[in-house]
1. Can you tell me the length gained on complete extension of the stretch residue 10 to residue 92, counting 0.36 nm per residue apart and subtracting the Cα distance?
2. Carbon and sulfur together cover what percent of the accessible area of the chain at a 1.4 Å probe radius?
3. Spelling out what I want: for every residue of segment 6-18, take phi, set θ = phi - 60°, compute 6.51 cos²θ - 1.76 cosθ + 1.60 (Karplus), and round to whole Hz; glycine and proline get x.
4. Using only Cα atoms, find the angle between the long axis of helix 79-105 and the longest principal axis of the chain, and express it within 0 to 90 degrees, rounded to the nearest 10.
5. Would you mind estimating how fast the chain diffuses translationally, via Stokes-Einstein at 37 °C and 0.692 mPa s with the Kirkwood radius over Cα pairs, in µm²/s?
6. Given axes a ≥ b ≥ c from the Cα gyration tensor, I'd like to know whether segment 64-111 is rounded (a/c under 1.5), prolate (a/b larger than b/c) or oblate.
7. Can you order the peptides 52-59, 81-88 by their average number of other Cβ atoms within 10 Å per residue, highest first?
8. Springs between alpha-carbon pairs under 10 angstrom, Gaussian network model over the chain: which of 36, 62, 16 fluctuates most?
Amino acid sequence: MLAWIVAAFAAAMLGASLTVAFLLTRESLVFGPFTAADWWVFLNLWRPLLIAGAVLAPLFSAPLAFGAVSLIRARRWPRPQADVIAGALCGLGSLGLVLLVARLLAPGESA
């Protein structure tokens with residue numbers, strides 16, 4: 001349980017950091033040099049992204065992890081290997097859920 005919580009928060013930190021790094025790189029290449037005030041706007045995005053990730057990562061991965069643990073116990077699969085495989089699949093599944101929700105909630109063109 002503790003490993004799952006630590007992994008969820010590590011994913012939130014990594015996701016927030018990579019998102020801000022991507023935005024900084026993209027905006028500096030597309031729109032040229034920024035003033036110091038413009039850089040602070042991007043750096044202040046990190047905290048809300050971290051908070052959102054700290055809520056969404058456990059929220060989206062908890063049902064998948066519960067299902068995986070239940071399936072592993074019911075089928076009596078060997079624990080270390082099954083746990084690693086289930087963890088990787090739950091991580092990818094929760095990433096897919098986050099991307100799906102972000103795609104549905106993002107402003108933009110409708111299909």
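1. Working it through step by step, the gained length comes to 28.1 nm.
2. On the way: 6330 of 8390 Å².
Of all accessible area on the chain, carbon and sulfur atoms account for 75 percent.
3. 5, 5, 5, 6, 5, 5, 5, 5, 5, x, 5, 5, 5
4. 40 degrees
5. Values: Rh = 16.1 Å.
Value of D from the Cα-based Kirkwood radius: 204 µm²/s.
6. Judged from the Cα gyration tensor, segment 64-111 comes out prolate (a/c at least 1.5, a/b above b/c).
7. Details: 52-59: 17.5, 81-88: 13.9.
Descending packing order for the listed peptides: 52-59, 81-88.
8. Comparing 36, 62, 16 in a Gaussian network model of the chain, the most mobile one is 36.
The values are calculated or read from the model by the stated rules, or taken from the named source; none is laboratory data. No experiment lies behind these values; they were computed from the predicted model shown. For neighbour counting, all protein chains shown are included, and Cβ atoms are generated from backbone atoms with ideal geometry for every residue, glycine included. Ligands, DNA and RNA are stripped out before the accessible areas are found, and what is left, the full protein with its side chains, is counted by its heavy atoms. Shrake-Rupley method; radii C 1.70, N 1.55, O 1.52, S 1.80 Å.
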